[in-house]
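Asks: I have a structure here, written as structure tokens, and I will follow up with some questions on it.
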Amino acid sequence: MMDKEKIVLQKAPKGTNDILPLQIDDWYYVEKVIKKVLQTYGYREIRTPAFENTELFVRGIGETTDIVNKEMFTFQDKKGRSLALRPEGTAPVVRAYLEHNLSRENMLVKLFYLGSMFRCEKPQSGRYRQFNQFGLEAIGSSDPLMDAEIIDASLHVYRELGLKNLSLVINSVGCRKCRPGYLQALKDYFKERRDRLCSDCRERYEKNPLRILDCKNPQCQMEIKNCPSIFDYLCEDCKEHFNKLKEYLDSIGIIYQVNPLLVRGLDYYTKTAFEISSGELGAQNAVGGGGRYDYLVEELGGNHTPAVGFAAGIERMIATMQKQGVGVPKWDGIQVFVAVTSSDDIMPAFKIISDLRKYDITAEMDFLNKSLKAQMRSANKMNVSYVVIVGQEELKEGKVMIKNMKNGEQEKVSLTKIYSYFK
Ligand code: ATP
Ligand code: MG
């Protein structure tokens, strides 16, 4: 086979990852902790499709965002409808909230999700084209207490996982009343400086100057440093909301920094925006971010419904855990190996192993027609505690030989007693 063909057949698409058996314990652990912690806060899991109508994201995330502009994987179905692999989880959750009228039973709906997201970005460490997020959304409350709970729950997940040295940055991005004034101030400020901005930012200047603040280009960063602060433009309502949020965070001992330049990549954010990052990750250091999105439900055709949420990248969380040496519970491995002295004993051995597994005993046998000696080597390699040796002689007495691999002792055990022997 040609090398080129091998690359197509034996290499996953750019920016995607296999999660191998050696890594899976990390994922099980993270998923388990997320579910456990979020349920203690009363968030219930929702699973939405991996793809949606493209329009949902165009509307829900915003046409001027990088995600919609550059990063979406879109395709057409056979009838010519435009679909997109989901680049994020909030718009789909709100779509499901509206579709199933989830507010019918409760004015406040608290949901969480876990799943793959897709963005056609330049792959780098911590930045992939298919990656996994967990996220939580509280739909229905405008109270800053809700923002505080979302932040607390997010940090709680990280803490429970054993992550250290995380920093929380908060900001307010204003609302429909006060943001236009701030956008104008930004436009005035960047007007003279447009030439020194990157080409993306020159476009952002026209379409949505707030986005400039999120640019990672060092030269743009220089220009951004001294730009007007949103705090000089927030309306009373937004100011009050932000102050209350800070008080709630203080009251439960959550430490944060305020950064007036923090904006989120998505258009629908209002008031609170926040980001959690890890010192250990280098350039792609954000392990999660969130904020309030009071207009999204309306934007998707629902009634005015305030909401707040958070999303975190699981690959970056696991990378941080590894860098910090966080211990993760590992699979116990195979406990019992069922060996045969000759191929004539396969059938009874297969019955024994089938029963062992019914009793929740992790057991393995040989599928490669190996000699008894080679089977014992396999058992050793698997580091099993016991080997059940099935042979004609013992079977005649209704027994098998069980070898304790820790001390080498062997014992004949009646077929009917095998399970109690291991229990
Ligand atoms: P960034 O500034 O790193 O591009 P973002 O603002 O695009 O992040 P969000 O859309 O808020 O990120 O997504 C929440 C989290 O999902 C991020 O903080 C990050 O941990 C993770 N994330 C986002 N994009 C990727 C990606 N391409 N690969 C891996 N993780 C990602
Ligand atoms: Mg991004």
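Asks: Quote the accessible area belonging to Glu5 in square angstrom, nearest 10, computed with a 1.4 Å probe and with ligands, DNA and RNA left uncounted.
Replies: Estimated to the nearest 10 Å², Glu5 gives 90 Å².
Asks: With every protein chain kept in the model, how would you rank Leu395, Leu9 by accessible area, 1.4 Å probe, largest at the top?
Replies: Ranked from most to least accessible, the order is Leu9, Leu395.
Asks: Just for the range 336-422, what percent of DSSP beta bridges are antiparallel, to the closest 5?
Replies: Beta bridges within the range 336-422, antiparallel portion: roughly 55 percent.
Asks: Using the eigenvalues of the Cα gyration tensor, what equivalent ellipsoid semi-axes result for the chain when each is taken as the square root of five times the eigenvalue, whole Å, largest first?
Replies: 54, 24, 21
Asks: Using a Cα-Cα cut-off of under 16 Å, which lysines could be cross-linked to Lys381, ignoring same-chain neighbours fewer than 8 residues away?
Replies: Once the sequence-local lysines are set aside, what remains near Lys381 is Lys370, Lys373, Lys403, Lys406.
Asks: Moving on to the next point. Could you report the accessible area of Glu247 in Å², rounded to 10, computed with a 1.4 Å probe on the protein chains as they sit in the structure?
Replies: 110
Asks: If you don't mind, another one. Over all distinct alpha-carbon pairs, what is the Kirkwood Rh of the range 98-250 in angstrom?
Replies: 18.7
Asks: Can you work out ³J(HN,Hα) from phi for every residue in the range 305-322, in order, using Karplus 6.51 cos²θ - 1.76 cosθ + 1.60 and θ = phi - 60°, giving whole Hz and x for Gly and Pro?
Replies: For the range 305-322, the Karplus-derived couplings read 9, x, 7, 8, x, 8, 9, 10, x, 6, 4, 5, 5, 5, 4, 5, 4, 5 Hz, x marking Gly and Pro.
Asks: I'd like to check one number: the per residue accessible area of the range 298-423, probe 1.4 Å, reported in Å² as a whole number.
Replies: 57
Asks: What is the mean projected area of the alpha carbon convex hull for the range 205-301, to one decimal in square nanometres?
Replies: Averaged projected hull area, Cα only: 8.1 nm².
Asks: So what is log10(I(q)/I(0)) for the range 11-141 at q = 0.19 1/Å, when the Debye sum runs over its Cα atoms only?
Replies: Each listed q corresponds, in turn, to -1.19.
Asks: Further question on the same structure: What do you get when you divide the Cα radius of gyration of the range 305-378 by 2.2 N^0.38 Å, with N the number of residues?
Replies: Taking N as the residue count of the range 305-378, the ratio is 1.94.
Asks: Going down the table (Lys70/Lys216; Lys14/Lys164; Lys122/Lys271), which pairs top 20 Å between alpha carbons?
Replies: Too far apart for the 20 Å limit: Lys14/Lys164; Lys122/Lys271.
Asks: Taking the range 120-165 as the region of interest, what is the percent of Cα-Cα pairs per 10 angstrom bin, listed from the shortest bin to the one with the maximum distance?
Replies: Distribution as computed: 21, 33, 34, 13 percent.
Asks: Using Cα-only point scatterers and the Debye equation, what is log10 of I(q)/I(0) for the range 323-362 at each q in 0.16, 0.21, 0.30 Å⁻¹, rounded to two decimals?
Replies: -0.53, -0.71, -1.02
Asks: Sketch the reach of a paramagnetic label on Ser167 as a point 7 Å from Cα along Cα-to-Cβ, and name the residues of the range 281-313 whose backbone nitrogen lies under 16 Å away.
Replies: Under 16 Å, as judged by backbone N against the label point of Ser167, lie 281-289 of the range 281-313.
Asks: Next question. If you take the C-alpha gyration tensor of the range 261-410, multiply each eigenvalue by 5 and take the square root, what semi-axes do you get, largest first, in whole Å?
Replies: That gives 59, 20, 11 Å for the three semi-axes.
Asks: Give the span of the range 336-422's Cα atoms along each principal axis, as three whole-Å numbers ordered largest to smallest.
Replies: Principal-axis extents of the range 336-422 (Cα, largest first): 28, 26, 25 Å.
Asks: Given the peptides 204-211, 80-87, arrange them by the average over their residues of other C-beta atoms within 10 Å, most packed first.
Replies: 204-211, 80-87
The values are calculated or read from the model by the stated rules, or taken from the named source; none is laboratory data. Note that this is a predicted model, so its numbers are computed, not measured. Reconstructed Cβ throughout: ideal geometry from the backbone, glycine too, with neighbour counts over all protein chains shown. With ligands, DNA and RNA removed, areas are computed over all heavy atoms of the protein, side chains included. Shrake-Rupley method; radii C 1.70, N 1.55, O 1.52, S 1.80 Å.
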